[in-house]
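Participant: Got a structure for you, questions after.
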Amino acid sequence: MTVEDLRELAEKEQARQAEYEHRILYCSSAGCVSSGCDAVKNELKKAIGELDLSKKCEMIGTGCLGLCGEGPLVFVSSGPTLYQHVDAAAARRIVEEHIGQGKKVKENEIDLNDPFFASQKKIVLENMGKINAESIEEYIAADGYEALAKALTEMIPEEVISEIRKAGLRGRGGAGYPTGLKWDIVRKGVADQKYVVCNADEGDPGAFMDRSVLEGDPHRVLEGMAIAGYAVGANQGFIYVRAEYPLAIDRLKTAIKQAERLGLLGNGIFESHFNFRIDIRIGAGAFVCGEETALLRSVMGRRGRPKVRPPYPSEKGLWDKPTVINNVETYANVAPILRNGSGWFAAIGTQKSPGTKVFAIAGNVKRPGLIEVPMGIALRKIIFDIGGGTPEGTKFKAAQAGGPSGGCIPTEHLDILVDYESLQTVGAMMGSGGMIVIDDTSNMVEVAKYFSEFCMDESCGKCIPCRVGTKHIYMMLDKIVKGEATENDFDLLKELCVMVKETSLCGLGQSAPNGVISTVRFFKDEYLSKLKKSAEGNTHLNESSSVPVVKEA
Amino acid sequence: MSVITFTIDGEQYSAKEGDTILQVARDNKIPIPTLCYLEGLSTFGACRLCVVEIEGSPKLFPACTTKPTESMVVRTSTDKLKKYRRMIVELLASEGNHQCAVCVVNGHCELQDLAYEVELDHVRFPYLFPKKSLDATHKDFVIDRNRCVLCTRCVRVCHEVEAAHVWDIAGRGIDCEIIADLNQPWGTSPSCTSCGKCVRVCPTGALFDKGAAVGEMQKESGFIKFIVNARNKHEWVRTAHEEE
C-alpha cells in the first residue's frame, strides 16, 4: 500500500457512501447493546427489506453516540437526526416515515442544539456516529491512516516527537505526564528492541471512555500506536484489554486483521522500512493491572503486581527493554495532532492542559453518557449543562472524579475548572475520566465506604500499608456507618489514611485513601453525626485496642 | 567508577555508583529498619519500613531501591517517618496471629525486634485473627501461614539461590498466602529440594524446623549473602559481619 493507494481507497469509499441518500447509524456500543439495540437492528433491516429501500439507505453499526442513558440510539445522517429510546416499533417508523417519506419521527427525536451536544468538542470521539466501527474503509474515508502516512513519508521520528511535544499532549490515563517527553526518553534509550504498549485495562467503577473508543473507533488507537512505534523505534505493540470488554476485544481483533490485510500494519508500511505489528493481551480481572508496572508484568505472563519505580518503563519495561506505555485515549489523540498540526491542538483547552478530555458521566444525573469537552471547562457546565443536573426533587451534593482513587468535589467548588492541576487543588484528580454525580439522597460516609471496599478488594497485597491499611480503613468506615465508632476511631482513621497515602508502593495504595480524605475534608459533619460520644473515663487508648503491653524500663 | 557525595541526616557520605541509600547507610552504621530486604536477594521494596525523605520531593522513597544522586539530602529518622514505621509494624501485628510467648522464634524474631525498635507498646487496630492454614506435611519443616508477613524472602531465595521456585504467592490483598508449587502440601512438592534456605531466611516463625519448641528456633539469614558471594566472587570465607 502506498499513500496514493490509501487516498484512492478513501475516495472510492466516499463515493460509495455518497450513493446513499440516508445513512442509518445505530449505536452498537455495549451500552446500547444491553438496552436492546439488536432488536432495533433486526427491525431496521427487516423494514428496509420489506419497503425495498436498500438502494436509498444503508444501515451501519457505529460507535457510542453519547447519550447512553437514553438508548438505544439511532442517528440518521439526513437531517441530521438523532433518535432516542428506539424500540422495534420506533425503528420501523424511522424507516417508513423518515427514510420512506422524509418525515422525522418527532416522538423520538433529540434536539441536537441541546447543550449536551453544543458544549462538547470532539477529537477523540470525532468518528462516533459517523463511521462503521467494523470497517477500515470507512475509517480511511474519514482521513484514517493519513497521519501514519504523513509520519512515515514526510517526517523523521524526531519531528513526530517534536510535534507531540509542541502540541502539549499529556497522558490521558490520569497522571498527565507529557506524552512527547515519554516518547523522547524511549527513543533515546539504547536497545536492540523496544515496545509500544496500550493500556486498555480501564477499571474504575462508572468509567467507560476507553471501552467506547475501542468499540467505536479501534483503528484510531492502532494508528496512534503505530505512529508511536515509528517515533520511538519499536516494531512491536501490545494492547492490554481487560477480559470484561469482549466486544472491544472482538472489534480490535477485526481491526488488526483488516489493517494487516491492507499492509497498514506489518512489514514495510507505506513502502518504508518501518515494520510494526500489534498483539492483544487480555487481562484476567485485576484492577491493579491498570498500574503500568503491573500491566507490563501481566503482558509478560507473570503475576500482575506493581514494582518499585524507577526504573520507569521508558527505561526498563517489557523484558527490560525501553517501553512506551500510554492510555487508549492518549493514542487516540495522536493521529489528529499529526493531521491538523500541533498548533491546532495546543489552541484547544488550556495552556497547561491542551486538548480535550473524554468523561463518562454516571450516577445521580439526568443524562448519563459519554462526553468529550475541552480542558478547562467548568465542572458546573459538565454536570448541569451537559449532564442536565441531578434528578427532579434532589439536590447536587458532590461529583466524584477520578474513580476510586479520586476525590469528591462539593457544591462550593462547582466552578472549578477541569484540568490536571485545578482538580488536584481540591483533592480530586483527572483520573481516566470517570465522573460520578452524587445527590443529597446519598450519604458521603457510605460513598467513601463503597470506594474503600473497592480498593481493599483490588489491593494486590504486595506492600503492607495498602494490604493491611485498606482493610482497616474499610473496617473503620463500616464501624462508623453502623454508628459504633468513637472519636478516637475517627482520629485513627484519618491518621491511617495519610500514612497509607504516603507510604504505599504504587498508585493504587497511594490514592486508595483519597475518597476518605476528600469526604472528611468536605463532609466532616456527616462523619461526626455518626460517631458515638466517647465513654466517660476513657483513657488515651483507643477502645478497640487490646490490653497494652507494659513497656520495659 | 564515579563517586557520589550526598547527605544522610546532616552528615556527608560517599557512595559508589549503583549503591542504594540503604547500602550506604548500613556501611556507615546508620540504622534504617527493614523487613523484606535481605542482602544477597533481589530487592522487593514492599515492606515500606525503609522509606526515607529526600529534600525537594514530597514523596517518600524506599532506601533499599533508591540510589543516591550527587548532593542529595536524605533524612532517615524524622518524627513523621518514625510514626509511619511504627504504624506499619502495628498493621503487621494486627494482620497475623503473632503470639510471641508461644512462638518457636520468641527472642530471635525480626518482627519482634522491629516492634521493640519502633516502640510498639500497644496495637490500636483490631486484630484480624486470620484462620490461615498450617502445613506440616514436609518431613523436616513446617509453615504456619498465620505468622507470615508476606516479605517473600522465601519465594526469592528459593527462586534466585536454590533455583527451585517452590514458593509463590496466591490470592490478592489481605487474602495473599505463600503456597508450595500450585498450592499443594509442601511434603508432596516434587520441586522442593528440602534445602531449608527458606526456613533460615524467614524473618518470623512462619517457617521453622519441625520439632522446635517455644523459643528454640534460631534463624540464620546472613548465610545467603555468603552463598551468593561465594558463587559470584569466589570468596569462600565467611566474615564476622555475615554471621551476625
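The values are calculated or read from the model by the stated rules, or taken from the named source; none is laboratory data. Values in this document were obtained by computation on a predicted structure and should not be read as measured data. Positions of Cβ are backbone-derived with ideal geometry, glycine not excepted, and every protein chain shown enters the neighbour counts. Side chains are part of the model used for accessible areas, which takes the heavy atoms of the whole protein and leaves out ligands, DNA and RNA. Shrake-Rupley method; radii C 1.70, N 1.55, O 1.52, S 1.80 Å.
Participant: Within the stretch B:17-61, track down each residue that is away from chain A (no Cβ under 13 Å) and among the acidic types (Asp, Glu).
Facilitator: Once the filter is applied, which keeps residues that are away from chain A (no Cβ under 13 Å) and among the acidic types (Asp, Glu), the stretch B:17-61 yields B:GLU17, B:ASP19, B:ASP27, B:GLU39, B:GLU55.
Participant: Taking the stretch B:108-122 as the search range and keeping residues that are of a type in the set (Asp, Glu) and part of a loop (DSSP other than H, G, I, E, B), which one is most open to solvent (accessible area, probe 1.4 Å)? Spell out the reasoning first.
Facilitator: The initial filter retains those residues of the stretch B:108-122 that are of a type in the set (Asp, Glu), namely B:110, B:113, B:117, B:119, B:121.
Now restrict to residues that are part of a loop (DSSP other than H, G, I, E, B): B:119, B:121.
Numbers: B:GLU119: 111, B:ASP121: 49 Å².
Going through the qualifying residues, I end up with B:GLU119.
Participant: State which residue pairs qualify: first residue closer than 16 Å to A:MET128 by Cβ and in contact (Cβ under 8 Å) with a residue 12 or more places away in the chain and inside the stretch A:352-373, second residue of a type in the set (Asp, Glu) and part of a strand (DSSP E or B) in any location, beta carbons under 8 Å apart, and separation of 6 or more residues or different chains.
Facilitator: The qualifying pairs are A:THR356/A:GLU372; A:LYS357/A:GLU372; A:VAL358/A:GLU372; A:PHE359/A:GLU372.
Participant: Let me ask something else. Scan the stretch A:146-181 for residues that are outside any strand (DSSP E or B) and within 22 Å of A:GLY402 (Cα to Cα) and jot them down.
Facilitator: Initial filter on the stretch A:146-181 (outside any strand (DSSP E or B)): A:146-169, A:171-177, A:179-181.
Of everything in the stretch A:146-181, those that are outside any strand (DSSP E or B) and within 22 Å of A:GLY402 (Cα to Cα) turn out to be A:GLY168, A:LEU169, A:GLY171, A:ARG172, A:GLY173, A:GLY174, A:ALA175, A:GLY176, A:TYR177, A:THR179.
Participant: Right, A:VAL76: surrounded by 21 or more Cβ atoms within 10 Å (Cβ to Cβ) and touching a residue at least 40 places away in the same chain (Cβ under 8 Å) or not?
Facilitator: Details: surrounded by 21 or more Cβ atoms within 10 Å (Cβ to Cβ): yes; touching a residue at least 40 places away in the same chain (Cβ under 8 Å): yes.
Judged against the criteria, A:VAL76 is a match.
Participant: While we're looking at this one, here's another question. One residue is enough: does the stretch B:201-217 have a residue meeting the conditions farther than 19 Å from A:ARG467 by Cα, crowded, with 20+ Cβ neighbours inside 10 Å and at pLDDT below 95?
Facilitator: So the first thing to find is which residues in the stretch B:201-217 are farther than 19 Å from A:ARG467 by Cα, and the list is B:201-202, B:205, B:207-217.
Still in the list and also crowded, with 20+ Cβ neighbours inside 10 Å: B:201-202, B:205, B:207-208, B:217.
When the remaining residues are screened for being at pLDDT below 95, the result is B:217.
There is at least one residue in the stretch B:201-217 that is farther than 19 Å from A:ARG467 by Cα, crowded, with 20+ Cβ neighbours inside 10 Å and at pLDDT below 95.
Participant: Considering only the stretch A:258-306, state which residues are among the charged types (D, E, K, R), more than 14 Å from chain B (Cβ to nearest Cβ) and in contact with a helix residue (DSSP H, G or I) (Cβ under 9 Å, 6 or more places away or on another chain).
Facilitator: Residues of the stretch A:258-306 that are among the charged types (D, E, K, R), as a first pass: A:260-261, A:271, A:277, A:279, A:281, A:291-292, A:297, A:302-303, A:305.
After this cut, where a residue has to be more than 14 Å from chain B (Cβ to nearest Cβ) as well, the list is A:260-261, A:271, A:277, A:279, A:281, A:292.
Those that are among the charged types (D, E, K, R), more than 14 Å from chain B (Cβ to nearest Cβ) and in contact with a helix residue (DSSP H, G or I) (Cβ under 9 Å, 6 or more places away or on another chain): A:ARG261, A:GLU271, A:ARG277, A:ASP279, A:ARG281, A:GLU292.
Participant: Condition test on B:ILE174, is it aliphatic (A, V, I, L, M), surrounded by fewer than 22 Cβ atoms within 10 Å (Cβ to Cβ) and either within 14 Å of chain A (Cβ to nearest Cβ) or in contact with a Phe, Trp or Tyr (Cβ under 8 Å, 6 or more places away or on another chain) (or both)?
Facilitator: yes
Participant: Further, regarding this structure: So, of the residues in the stretch A:468-482 that are more than 11 Å from every other protein chain (Cβ to nearest Cβ) and open to solvent by less than 30 Å² (accessible area, probe 1.4 Å), which turns out to be nearest to A:VAL288 (Cα to Cα)?
Facilitator: A:LEU477
Participant: Another question, then. Answer yes if at least one residue in the stretch A:485-492 is within 14 Å of another protein chain (Cβ to nearest Cβ), assigned to a loop (DSSP other than H, G, I, E, B), free of Cβ contacts under 8 Å to residues at least 60 places away in the same chain and out of contact with any His (no Cβ under 8 Å at 6 or more places or on another chain), and no otherwise.
Facilitator: Just the residues of the stretch A:485-492 that are within 14 Å of another protein chain (Cβ to nearest Cβ), to begin with: A:485-492.
From what's left, assigned to a loop (DSSP other than H, G, I, E, B): A:485-486.
Subsequent filtering for residues that are free of Cβ contacts under 8 Å to residues at least 60 places away in the same chain retains A:485-486.
Those still in the list that are out of contact with any His (no Cβ under 8 Å at 6 or more places or on another chain) too: A:485-486.
Yes, that holds for at least one residue.
This table checks each residue for (1) farther than 27 Å from A:GLY387 by Cβ; (2) basic (Lys, Arg); (3) assigned to a loop (DSSP other than H, G, I, E, B).
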residue	(1), (2), (3)
A:ASP38	yes, no, no
A:LYS55	yes, yes, yes
A:GLY66	no, no, yes
A:LEU82	no, no, no
A:VAL86	no, no, yes
A:ALA89	yes, no, no
A:ARG92	yes, yes, no
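Participant: To continue, here is another question. From the list B:ILE224, B:ILE169, pick out the single residue that is open to solvent by less than 70 Å² (accessible area, probe 1.4 Å), modelled with pLDDT under 95 and in contact with a helix residue (DSSP H, G or I) (Cβ under 8 Å, 6 or more places away or on another chain). Write out each step before concluding.
Facilitator: Working: B:ILE169 fails: modelled with pLDDT under 95.
Every option except B:ILE224 fails the conditions.
Residues checked against (1) under 18 Å from B:GLY196 (Cα atoms); (2) within 11 Å of another protein chain (Cβ to nearest Cβ); (3) touching a residue at least 12 places away in the same chain (Cβ under 8 Å):
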{"site": "B:LEU114", "(1), (2), (3)": "no, no, yes"}
{"site": "B:LEU128", "(1), (2), (3)": "no, yes, yes"}
{"site": "B:LEU134", "(1), (2), (3)": "yes, no, yes"}
{"site": "B:THR137", "(1), (2), (3)": "yes, no, yes"}
{"site": "B:ASP140", "(1), (2), (3)": "yes, no, yes"}
{"site": "B:ASP144", "(1), (2), (3)": "yes, no, yes"}
{"site": "B:CYS148", "(1), (2), (3)": "yes, no, yes"}
{"site": "B:ARG153", "(1), (2), (3)": "yes, no, yes"}
{"site": "B:VAL157", "(1), (2), (3)": "yes, no, yes"}
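Participant: Of everything in the stretch A:426-441, what is open to solvent by 10 Å² or more (accessible area, probe 1.4 Å) and either modelled with pLDDT under 90 or in a loop (DSSP other than H, G, I, E, B) (or both)? Give them in sequence order.
Facilitator: A:GLY427, A:MET429, A:SER432, A:ASP440, A:THR441
Participant: Going through the stretch A:502-525 one residue at a time, which ones are within 14 Å of chain B (Cβ to nearest Cβ) and either open to solvent by less than 20 Å² (accessible area, probe 1.4 Å) or in contact with a Phe, Trp or Tyr (Cβ under 9 Å, 6 or more places away or on another chain) (or both)? Before you say what the answer is, go through the steps one by one.
Facilitator: Keep residues of the stretch A:502-525 that are within 14 Å of chain B (Cβ to nearest Cβ), which gives A:502-513.
Matches in the stretch A:502-525: A:GLU502, A:THR503, A:SER504, A:CYS506, A:LEU508, A:GLY509, A:SER511, A:ALA512, A:PRO513.
Participant: Might you check whether a residue that is over 29 Å from A:MET499 (Cα atoms) and in a helix (DSSP H, G or I) occurs anywhere in the stretch B:90-98? Lay out the reasoning, then the answer.
Facilitator: Residues of the stretch B:90-98 that are over 29 Å from A:MET499 (Cα atoms), as a first pass: none.
So far as the stretch B:90-98 goes, no, none of its residues is over 29 Å from A:MET499 (Cα atoms) and in a helix (DSSP H, G or I).
Participant: Being open to solvent by 10 Å² or more (accessible area, probe 1.4 Å), small (Gly, Ala, Ser) and modelled with pLDDT under 95 narrows it down to one residue among A:ALA47, A:ALA91, A:ALA15, A:ALA39; which is it?
Facilitator: Numbers: A:ALA47 fails: open to solvent by 10 Å² or more (accessible area, probe 1.4 Å); A:ALA91 fails: open to solvent by 10 Å² or more (accessible area, probe 1.4 Å); A:ALA15 fails: modelled with pLDDT under 95.
Sole residue among the options that is open to solvent by 10 Å² or more (accessible area, probe 1.4 Å), small (Gly, Ala, Ser) and modelled with pLDDT under 95: A:ALA39.
Participant: Would you mind finding the one in A:GLU372, A:GLU392 that is over 30 Å from A:ILE140 (Cα atoms) and of a type outside the set (A, V, I, L, M, F, W, C)?
Facilitator: Working: A:GLU372 fails: over 30 Å from A:ILE140 (Cα atoms).
Of the residues listed, the single one that is over 30 Å from A:ILE140 (Cα atoms) and of a type outside the set (A, V, I, L, M, F, W, C) is A:GLU392.
Participant: Looking only at the stretch B:85-107, which residues are open to solvent by less than 10 Å² (accessible area, probe 1.4 Å) and within 10 Å of B:VAL118 (Cβ to Cβ)?
Facilitator: Matches in the stretch B:85-107: B:MET87, B:ILE88, B:VAL89, B:GLU90.
Participant: Another question, if that's okay. Residues to consider are A:GLN258, A:GLN193; find the one that is open to solvent by 10 Å² or more (accessible area, probe 1.4 Å), assigned to a loop (DSSP other than H, G, I, E, B) and polar (S, T, N, Q). Before the answer, list the steps.
Facilitator: On the way: A:GLN258 fails: assigned to a loop (DSSP other than H, G, I, E, B).
A:GLN193 is the lone residue from the list that is open to solvent by 10 Å² or more (accessible area, probe 1.4 Å), assigned to a loop (DSSP other than H, G, I, E, B) and polar (S, T, N, Q).
Participant: Given the structure, is A:GLN101 at pLDDT below 95, polar (S, T, N, Q) and within 30 Å of A:GLU292 (Cβ to Cβ)?
Facilitator: Numbers: at pLDDT below 95: yes; polar (S, T, N, Q): yes; within 30 Å of A:GLU292 (Cβ to Cβ): no.
Taking the combined requirement at face value, the residue does not satisfy it.
Participant: So, one more: Please specify each residue of the stretch A:108-145 satisfying the condition of being open to solvent by 10 Å² or more (accessible area, probe 1.4 Å), in a helix (DSSP H, G or I) and hydrophobic (A, V, I, L, M, F, W, C).
Facilitator: Selection gives A:PHE117, A:ALA118, A:ALA141.
Participant: Further question: Checking the structure you have, find out if any residue of the stretch A:453-467 is more than 10 Å from chain B (Cβ to nearest Cβ) and more than 14 Å from B:LEU91 (Cβ to Cβ).
Facilitator: Filtering the stretch A:453-467 for residues more than 10 Å from chain B (Cβ to nearest Cβ) gives A:453-454.
Now narrow it down to the ones that are more than 14 Å from B:LEU91 (Cβ to Cβ): A:453-454.
Scanning the stretch A:453-467 turns up at least one residue that is more than 10 Å from chain B (Cβ to nearest Cβ) and more than 14 Å from B:LEU91 (Cβ to Cβ).
Participant: Of everything in the stretch B:1-56 that's more than 11 Å from the chain's Cα centre (by Cα), charged (D, E, K, R) and over 16 Å from B:VAL73 (Cβ atoms), which residue is least open to solvent (accessible area, probe 1.4 Å)?
Facilitator: Among those that are more than 11 Å from the chain's Cα centre (by Cα), charged (D, E, K, R) and over 16 Å from B:VAL73 (Cβ atoms), it is B:ASP19.
Participant: What is the residue count in the stretch B:62-84 for residues that are facing chain A (nearest Cβ under 9 Å), open to solvent by 40 Å² or more (accessible area, probe 1.4 Å) and either touching a helix residue (DSSP H, G or I) at 6+ places or on another chain (Cβ under 6 Å) or part of a loop (DSSP other than H, G, I, E, B) (or both)?
Facilitator: 1
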